[in-house]
Amino acid sequence: MILTLSQDIFTSPTDLALAHKLALVLRQVADENPQWRLPELTPSLHEIARNERRFIGFSSDDAGFNPDAYKGMVVVSTMHKAKGLEWDRVYLMSMNNYDYPSNQPNDRFISERWFVRDSLNLEAESLAQLRAAISTSEYDYYEEGSATRRSRLDYVRERLRLLYVGITRARKELIVTWNTGRKGDATPSLPFAALMGWQEQQEK
């Protein structure tokens, strides 16, 4: 319904992309709650209307950038805003295990805001407990830690996709760096180590 209405109402690519994103969010909510109908889905729309849920990368400021107009100049951009663009030389910085974790024992997840007990993702665990508490299915139960594992694997996949976007922005040269972190305990991310291994194989 959202996609049908948006095609009649909107004409700009930014508005159409936002409508598509909104439809995907509601589809995910509907898939997680198959018994819900429109009255139960509307609270998700209210969250978006009250700015409690934001869509990154869909403002009008993100459209219309032409890197060729800035030849000879340094362009600083996030990987999200660099989608679809290319440069002759690209620098990717902070290729650390905390920015690009791979669910290894020494990885940290900076996307998680709270670390209080047993290194759990408290947001994911709380949501899983609520879902289990209000569910009417006997198969929905809460198991401590499972929501944290799922959330972290989802984050790993998202960061790996974003890394692919960053790598493929370079036409000729790609320079990748990493650092030891503020406490000196950071290590290169696993994808970075794989890239270095691939580069060494190419040079042989």
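No value in this document is a laboratory result; all are computed from the given coordinates. For clarity, every value in this text was computed on a predicted model and none was experimentally measured. Heads up, the Cβs are rebuilt from the backbone with ideal geometry, glycines too, and the neighbour counts pull from every protein chain shown.
A few notes on this one:
- Per-residue Cβ neighbour rank within 10 angstrom, fewest leading, I9, I167: I9, I167
- For the chain, a/c is not less than 1.5, where a ≥ b ≥ c are the root eigenvalues of the C-alpha gyration tensor, and a/b does not top b/c. That puts it in the oblate class.
- The ranking of Y91, Y98, Y70 by Cβ neighbour count inside 10 Å, starting from the fewest, reads Y70, Y91, Y98.
- Protection proxy ranking for 187-200, 170-183, 132-145, using the average of other Cβ atoms within 10 Å per residue and placing the highest first: 187-200, 170-183, 132-145.
- Toward the positive end of the charge dipole of the chain, with +1 on the Cβ of Lys and Arg and -1 on the Cβ of Asp and Glu, the farthest Cα among T42, G84, V74 is that of V74.
- Residues V76, V29, V156, V90, sorted so that the one with the fewest Cβ neighbours within 10 Å comes first: V76, V29, V156, V90
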